[in-house]
4 protein chains.
Amino acid sequence: MSNASDVIVVGGGINGSSIAFQLAKRGYKVTVIEQSKIAAKASGAAAGMLGAQTELIGNGPLFRLALKSRAMFPAIIAELEERSGIQIGYETKGIYKVAVSEKHEQDLKALIKLHNTAGEKAEWLSNDELIKREPGLAKSMLGAMFIPEDGQVQAYELSLAFAKAAISLGVEYHDFTTIHDFIIKDGKVTGVQTSQGDLLSDSVVVAAGAWSGLLLEKTGITLPVFPVKGECYSVVSNRKLLNSTIFTEDCYIVPKKSGRYIIGATMRANTFDEKVTVGGISSLMNQATALLPEIANAEWEKAWAGIRPISGDGLPFLGEHPYVKQLYIATGHYRNGILLAPATGELMADYLDGRREPFMPFGLSRLDPNHLFKGESKCI
Amino acid sequence: MSNASDVIVVGGGINGSSIAFQLAKRGYKVTVIEQSKIAAKASGAAAGMLGAQTELIGNGPLFRLALKSRAMFPAIIAELEERSGIQIGYETKGIYKVAVSEKHEQDLKALIKLHNTAGEKAEWLSNDELIKREPGLAKSMLGAMFIPEDGQVQAYELSLAFAKAAISLGVEYHDFTTIHDFIIKDGKVTGVQTSQGDLLSDSVVVAAGAWSGLLLEKTGITLPVFPVKGECYSVVSNRKLLNSTIFTEDCYIVPKKSGRYIIGATMRANTFDEKVTVGGISSLMNQATALLPEIANAEWEKAWAGIRPISGDGLPFLGEHPYVKQLYIATGHYRNGILLAPATGELMADYLDGRREPFMPFGLSRLDPNHLFKGESKCI
Amino acid sequence: MSNASDVIVVGGGINGSSIAFQLAKRGYKVTVIEQSKIAAKASGAAAGMLGAQTELIGNGPLFRLALKSRAMFPAIIAELEERSGIQIGYETKGIYKVAVSEKHEQDLKALIKLHNTAGEKAEWLSNDELIKREPGLAKSMLGAMFIPEDGQVQAYELSLAFAKAAISLGVEYHDFTTIHDFIIKDGKVTGVQTSQGDLLSDSVVVAAGAWSGLLLEKTGITLPVFPVKGECYSVVSNRKLLNSTIFTEDCYIVPKKSGRYIIGATMRANTFDEKVTVGGISSLMNQATALLPEIANAEWEKAWAGIRPISGDGLPFLGEHPYVKQLYIATGHYRNGILLAPATGELMADYLDGRREPFMPFGLSRLDPNHLFKGESKCI
Amino acid sequence: MSNASDVIVVGGGINGSSIAFQLAKRGYKVTVIEQSKIAAKASGAAAGMLGAQTELIGNGPLFRLALKSRAMFPAIIAELEERSGIQIGYETKGIYKVAVSEKHEQDLKALIKLHNTAGEKAEWLSNDELIKREPGLAKSMLGAMFIPEDGQVQAYELSLAFAKAAISLGVEYHDFTTIHDFIIKDGKVTGVQTSQGDLLSDSVVVAAGAWSGLLLEKTGITLPVFPVKGECYSVVSNRKLLNSTIFTEDCYIVPKKSGRYIIGATMRANTFDEKVTVGGISSLMNQATALLPEIANAEWEKAWAGIRPISGDGLPFLGEHPYVKQLYIATGHYRNGILLAPATGELMADYLDGRREPFMPFGLSRLDPNHLFKGESKCI
């Protein structure tokens, strides 16, 4: 690691790799530092839903970012499959957001109106229409909001495809490498200290998911990004149980290729503990069976967990460090890290390129400066 | 496989290996034929409970056989650990048979009297006493029958120890070997045809668990032994959740060494399908959490299934084939295959040795000859 | 399983599923009986090479069958991916057959002429040209025969895609089901006895790979089909080590999508033992490293073995049983089971359809009747 | 984590847990902070050799510490098995240090004299005597040094037993918890900042293996402790291949209970990369087969790697931080972490107890103060 890079990206998950890929396409010399392996954490653990209209309720900036990112998928999937040779399993068969109470039904109908007004497709299906399309669903549902343009990918494969496409463009990955500290001179980052030695660069991007806050404490700020554990499991069935993804707030079922179904995800706040608990799986099983009774006969495959980064206000952080120049931050994507990866890569590359003004709602300037400093015990 | 053996044992599970071990100790030259690997099926899938008084309700011959086998454990475990070097994890910390209804409480109290009358230890614990001993249990239980002399082993380790002790005495194991047919001359078995060629012997013992019936169809009889799938899962906890095994009809929790807990077992009749289903695991999880709420926080490890052989009348078959001389049968142990292995080995060795008269309740003579023949389409 | 089928296929591997798929497309009602799970044995263990010109040396009927099957891939892959939703990873980047001695070089050059004369593409590459295309190869090779139209698939995915496409056309799969015997009346098969009961049909096709011989012994013939164990392992590398498959007689390296490389395969005759041995893996590692030195730095993933069926004369058996009408046989594909699956499905469906005369070189009539009978101890 | 502890131990590997166990026995209130899970790294990856005389050539302080620790095993194993219920697989069947050249033979004979002079048992075995005891060994060896009192344990089980015994004495373990920084006031440690919040204590012990250096950089010192990757694999054999451990510099074979054999270990300096490489396994396979030819037929099980901490001068660091009071360090055990764990626990507890003067050869005072500071960019 003797030569200097233009940019060091800290984090080899899907967003770090997407940023590295976009920067490499623009001619930057990029190095990615990954603590364990590529996509070893939340990126590889995700179910891969592309739920722009499914997951995001409002009509604010995050919703628009999600739509923008979703629209990027067809082109970027084609490019990544070509460059990396990986089959990503991209599908746009829509997502059903099932109503589980009358209140919920009203909320979903209001949401459909909101989305339609915003120019997005969404429609209400009565329970009869729903069962006609998805005959395996429990008869007791109250109908569903159908979102035809949401879809899914294989999350690990997409993460790996970003990384391999980046590598094919000359990006260097250093795995099993730990960041000790940032090297900062006159208020500007100039590199990082790692377990493999010092590494110099013009800019550094921290895209370390739920671990970003820990890293940035070294720069004297307390970034309000918290870990949220999500547990999932998968089953296998030779009979088709479902055509499209079924989504409720507490449980979703994503039908993957090869007859695999991923059921997710619990939400347990404020822990980096990746252990899968009996209680988590049991609760997901009870909910999945209530939605799709036939899943009780499906074959158990395995369970796993991922640690997702949530920010204090629910919006990701995409921007420059408040006090250290050329140190960029891209984290806080919570349950939408896969969906937002294409837009995150492009946006961050635009920032570094100087092509784009700071995008206010996601910038670091929204942090309250009174709470940002950890105290005088740190020297920056 | 050119030389003839004294005895061929068909089946490298715990009972086949126990028989081979006892015969080898008496000087017989023994060959074991195993379709896949040693203890690959039900023997390796068992939770390892030694529930002589827990599992068997009555006071009949199977109960007495179970007590006899349980009493053999201390000596045989010591011998097997010495000969094989394997640590078997034998424990006699007792089993709690928890009352889940008032009716159940009355039944258990009657059972205690029956066992005490038969000279066996068993006592009633009020819920307070139960909780004092097992503070993790749900407060809503109605007390428990405590059986101090029931215990447990590591089932796979015990199965392997029988096999390795047998090997140390000269027994030959042929794994991944299929039986095509029995070689029968003048109404007496003289060997077996296998995927590795013919093998001759004075006697053959079929100890092939739930697969015994399929094999014996080749001799023209329909043995009423049926497969019953049992699904289990295991969890891990660094905190102690339980000191001794907790047992109800539908769910038991066995605390193993190293902080592992095995939760079993569903019963699904008449299938050789080893797939673990979501419904099976989900039901065991709900029951285990009702018994031991803290298990919800334990770490998920894995799930598996075994296929156990049940006979038509619930008693094992231990005896000689009704029409073919020197062809012996030892199967139908259902949920008690681990517990009964020591006695099965000794009993069958006694038969072959001529030291013992046919033990009537388990003999093949109890089969109704009118139902035994499969029909005239078979030539024997 | 009360209803009768038109055809029962015994074996849920790639060839059984291909046959079932073709029959279902022609309107037959088909049931597949599988002893364990779909593609659980050799079909799922294969490296997935499509080596029509790579594996087959001569210019005989098997070579022509292989070419025919290879030509079917583009259309059938498209159809299967559409019907099953599975991504099969079909690639036609060619295969390099590397010369490891001067004698080998002469043989390969003669083979190129033979193939060119037969109208097939193949060309000689000097070592310089070879290294230019595959810079990771050891510099000490003597050049290579390049076969541009050979390729590869993901073998398990293709097997599963055949099965799922068949299921989508109404084929029923019964897994974990054992065949006890064939039901034969007046010299014609009328069904099978299984562990789930009797099942009737007009025709039965045995496509049980290396296990076909054992099954057919029940009909009184000794089919000269023998098991050959093949051991493989896989490694993972984020750096590209190889663009196309490298093949020598003793070792091949197949670069799969996602940066996985499969290295195969040992050949150990006459065993159903699926254990992977240290000696087998060690020998493959030494050979792979001699071919591609950089593979020493690749990450170890896992090892496995499959049992492949070889016939006495090296040709598959595709035809009707010599003595039992409507009982068909499709086995003996040895190392070419994946490649030959499309043609096998079509050919066997043509037979059953009556559209095709027995294809002599692969027919059962080539068996020497003097050796076919096992003896008078069997009644057929 | 609101309450203060007496001692915080950083690292839940075998040495951290041994220290916590000894401190808890003396009445300290102890908390262990572990980055992932108990014994997840080198402690769980070790082959478990207790090679006091095998691994350590000289007669210096480390040799004497190793002998002292080895002598503690019988009593501590009994205590840990009793407290934890875990079977640790402790054996003292000796180790054979095989001569692979005439020079090596001379060295080993000289070493025997040195050990005998020091009062330790060791003897020379001619090749004939060696083969008589271990008939599976290659006939080409030149004899061996036999060390009857060296032995082995199951390394993961011993690590877990220390942790569970500690927990049974009231020690609290926090897994999946990261240390951000040490809290230091007036030159004395007062606690740690963690991903779960701040935690106060009178003393802190860093026993974080190869990761200790990274942690201690936060205190401004550069501890000369470096990671060395070791790769291993295991095989299984039902036939006994070996009675006791065989050791050469480049390869050892440790026969475990249940017919498992562990073959280790490569040494790759200066990497935290836990990937197992083809080259590493291949080299171990070639060496193991040269020693024990029959291992070629053993069944492959799995491969793994661990990262071991080596110090600049080869001696562990056991002592107090050079500048921060009450901050203790116990690392650098390299290949002897399992063997040294009992003595490390006792020694460190003695230090903290004030019962023992700093033990000079292992103290931190041996560091050259000119090289210790990382520079003025750090504030301590």
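The values are calculated or read from the model by the stated rules, or taken from the named source; none is laboratory data. From a predicted model like this one, the values you see are computed outputs, not experimental measurements. Glycine gets a Cβ as well: all are built from the backbone with ideal geometry, and neighbour counts include every protein chain shown. Keep in mind that these areas ignore ligands, DNA and RNA; they rest on the heavy atoms of the full protein, side chains included. Shrake-Rupley method; radii C 1.70, N 1.55, O 1.52, S 1.80 Å.
Scanning the stretch D:292-322 for residues that are assigned to a strand (DSSP E or B) and within 26 Å of D:SER365 (Cα to Cα) yields D:ILE307, D:ARG308, D:PRO309, D:ILE310, D:SER311, D:PHE317, D:LEU318, D:GLY319, D:GLU320. Among residues of the stretch B:188-197 being modelled with pLDDT of 95 or more and in contact with a Phe, Trp or Tyr (Cβ under 7 Å, 6 or more places away or on another chain), the one that is surrounded by the fewest Cβ atoms within 10 Å (Cβ to Cβ) is B:VAL189.
Mind listing just one residue for me: the one in the stretch C:163-174 that is in contact (Cβ under 8 Å) with a residue 12 or more places away in the chain and farther than 26 Å from C:VAL324 by Cβ and, of those, surrounded by the most Cβ atoms within 10 Å (Cβ to Cβ)? The extreme case among them is C:ALA163. Please work out if C:LEU50 is under 18 Å from C:LEU340 (Cβ atoms) and either within 14 Å of another protein chain (Cβ to nearest Cβ) or crowded, with 21+ Cβ neighbours inside 10 Å (or both). When the stated conditions are applied, C:LEU50 passes them. Against the conditions (1) without any contact (Cβ under 8 Å) to a residue 60 or more places away in the chain; (2) buried (at least 19 other Cβ atoms within 10 Å of the Cβ), B:THR177 satisfies every one except (1).
Looking across the stretch B:278-290, the residues that are within 27 Å of the chain's Cα centre (by Cα), more than 7 Å from chain A (Cβ to nearest Cβ) and small (Gly, Ala, Ser) come down to B:GLY280, B:SER283, B:ALA288.
When the helices (runs of 4 or more DSSP H) confined to the stretch A:32-119 are screened for residues that are among the basic types (Lys, Arg) and farther than 23 Å from A:ALA330 by Cα, those reaching at least 1 such residues are found at A:61-84, A:102-117.
Among what's in the stretch D:326-380 and is within 17 Å of D:ALA24 (Cα to Cα) and in a loop (DSSP other than H, G, I, E, B), pick the residue that is modelled with the lowest pLDDT. This residue is D:ARG355. Considering every residue within the stretch D:247-254, establish whether at least one is within 14 Å of chain B (Cβ to nearest Cβ) and crowded, with 21+ Cβ neighbours inside 10 Å. Yes, the stretch D:247-254 has at least one match.
Evaluating B:ASN243 against the criteria (1) closer than 24 Å to B:LYS93 by Cα; (2) open to solvent by 10 Å² or more (accessible area, probe 1.4 Å); (3) in contact with a strand residue (DSSP E or B) (Cβ under 6 Å, 6 or more places away or on another chain) leaves one unmet condition, (3). Annotation note: Cβ proximity below 7 Å between a residue of the stretch D:70-99 that is open to solvent by 30 Å² or more (accessible area, probe 1.4 Å) and a residue that is of a type in the set (Lys, Arg) (sequence gap 6+ or interchain) occurs for D:GLN87/B:LYS257. Need pairs with beta-carbon distance below 9 Å; first residue more than 7 Å from chain D (Cβ to nearest Cβ) and within the stretch C:291-304, second aliphatic (A, V, I, L, M) and assigned to a helix (DSSP H, G or I); sequence gap 6+ or separate chains. That search, which allows pairs on different chains as well, returns C:TRP304/C:ALA45. Which residues, taken from the stretch C:129-143, are of a type outside the set (Gly, Ala, Ser) and modelled with pLDDT of 95 or more? If the condition is that a residue be of a type outside the set (Gly, Ala, Ser) and modelled with pLDDT of 95 or more, then C:GLU129, C:LEU130, C:ILE131, C:LYS132, C:ARG133, C:GLU134, C:PRO135, C:LEU137 are the ones that fit. Restricting to the stretch A:86-114, and then to whatever is touching a strand residue (DSSP E or B) at 6+ places or on another chain (Cβ under 8 Å) and within 14 Å of chain C (Cβ to nearest Cβ), can you tell me which residue is nearest to A:LEU242 (Cα to Cα)? Step by step, filter the stretch A:86-114, then rank; the result is A:LYS93.
Tell me, yes or no, whether the stretch A:272-284 has at least one residue that is open to solvent by less than 30 Å² (accessible area, probe 1.4 Å), modelled with pLDDT under 95 and of a type in the set (D, E, K, R). I'd like the intermediate steps shown before the answer.
Just the residues of the stretch A:272-284 that are open to solvent by less than 30 Å² (accessible area, probe 1.4 Å), to begin with: A:272-273, A:276-282, A:284.
If we keep only those that are modelled with pLDDT under 95 as well, we get A:272-273.
Adding the requirement that they be of a type in the set (D, E, K, R) leaves A:273.
There is at least one residue in the stretch A:272-284 that is open to solvent by less than 30 Å² (accessible area, probe 1.4 Å), modelled with pLDDT under 95 and of a type in the set (D, E, K, R).
Scanning the stretch B:257-271 for residues that are surrounded by 19 or more Cβ atoms within 10 Å (Cβ to Cβ), assigned to a loop (DSSP other than H, G, I, E, B) and more than 12 Å from chain A (Cβ to nearest Cβ) yields a total of 1. Checked against (1) surrounded by fewer than 23 Cβ atoms within 10 Å (Cβ to Cβ); (2) of a type in the set (A, V, I, L, M); (3) within 12 Å of chain B (Cβ to nearest Cβ), C:LEU200 meets all criteria but (3).
Whether any residue in the stretch A:2-24 is among the polar types (S, T, N, Q), touching a strand residue (DSSP E or B) at 6+ places or on another chain (Cβ under 7 Å), open to solvent by less than 10 Å² (accessible area, probe 1.4 Å) and part of a strand (DSSP E or B) is what I want to check. Within the stretch A:2-24, one or more residues are among the polar types (S, T, N, Q), touching a strand residue (DSSP E or B) at 6+ places or on another chain (Cβ under 7 Å), open to solvent by less than 10 Å² (accessible area, probe 1.4 Å) and part of a strand (DSSP E or B).
Taken as a whole, the condition of being surrounded by 22 or more Cβ atoms within 10 Å (Cβ to Cβ), closer than 24 Å to A:GLU81 by Cβ and in contact (Cβ under 8 Å) with a residue 24 or more places away in the chain does not apply to A:PHE182. A:GLY209: closer than 16 Å to A:VAL10 by Cα and away from chain D (no Cβ under 13 Å), yes or no? Yes; evaluated as a whole, the condition is true for this residue.
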